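The values are calculated or read from the model by the stated rules, or taken from the named source; none is laboratory data. None of the values given here were measured: they were computed from a predicted structure. Cβ atoms come from the backbone with ideal geometry, glycine included; neighbour counts cover every protein chain shown.
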Amino acid sequence: MTQEEVLDDLVRQRIRSLRLAKGLSLDALAARCHLSPSTLSRLETGNRRIALDQLVRLARALGTTLDQLVEPADDTDVVIRPLSDHGQGITTWLLSRDSSPHGRTVAKMRITPERAIDTLGVHPGRDWFTVLTGTAILRLGDRTVFVEAGQAAEFSTMVPHAIGARGGPCEILTILDHDGELAHMSRG
């Protein structure tokens, strides 16, 4: 099978899978796309070639983008093998690839009580983290908030902030936008 045929089959599978995941019948999706149900059926089964204008309408009706619908399957290595980055009282493992969607970075951080939280930083955006083990200390301006294992915190990063550990190491899982990654990953 050629690379074009493989991608064509993948697009057809995505269309059918998205339709079923959204609970749409052939008739319902066909009506949304201004296609006949028989045409949609032939598109899904490979008995008819998909035209670009049909792909655009199908993507819109399925709540996705044309890019996502036709992107090649690049799942040759789905496992991320993070390397650790050590700083003063913190070890970080990046758990997402550089090409993560929407510029988001997922990281696991192990923070020890040695991490200084005297200096508070600000940057545009919002931070979110959940505590996997231990207790995190979140300094937000003049406030100190303790976030226990199983709890999460979300806050505006325009409020001066720092994250430390209370009574022993803590591990957090965090999602950072581009500004957050620059601010938190470049500190030691």
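Annotations
- For the residues Thr130, Thr144, the requirement of being surrounded by fewer than 15 Cβ atoms within 10 Å (Cβ to Cβ), polar (S, T, N, Q) and at pLDDT 95 or above singles out Thr144.
- Screening Val78 on (1) more than 29 Å from Leu95 (Cβ to Cβ); (2) assigned to a loop (DSSP other than H, G, I, E, B); (3) not small (Gly, Ala, Ser) shows it passes everything except condition (1).
- The range 102-114 residues that are assigned by TED's automatic domain parsing to the domain that holds Thr133 and basic (Lys, Arg), paired with ones that are modelled with pLDDT of 90 or more and not in a strand (DSSP E or B) (beta carbon under 7 Å, 6 or more apart): Arg110/Pro169
Quick grid of which residues meet (1) in the same structural domain as Leu132 (by TED's automatic domain parsing); (2) loosely packed, with under 13 Cβ neighbours inside 10 Å; (3) closer than 16 Å to Val131 by Cα; (4) at pLDDT 95 or above:
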residue	(1), (2), (3), (4)
Ala149	yes, no, yes, yes
Thr157	yes, no, no, no
Pro160	yes, no, no, yes
Ala165	yes, no, yes, yes
Gly168	yes, yes, yes, yes
Thr174	yes, no, yes, no
Asp177	yes, no, no, no
Glu181	yes, no, no, no
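- In this entry, Thr64 is excluded by the filter for residues that are within 30 Å of Ala162 (Cα to Cα) and either of a type in the set (A, V, I, L, M, F, W, C) or surrounded by fewer than 17 Cβ atoms within 10 Å (Cβ to Cβ) (or both).
- Residues located in the range 46-76, provided they are within 11 Å of Val11 (Cα to Cα), of a type in the set (Gly, Ala, Ser) and out of contact with any Ser or Thr (no Cβ under 7 Å at 6 or more places or on another chain): Gly46, Ala73
- Which listed residue is over 27 Å from the mean Cα position of the chain (by Cα) and without any contact (Cβ under 8 Å) to a residue 12 or more places away in the chain, from Arg81, Arg32, Arg48: Arg48
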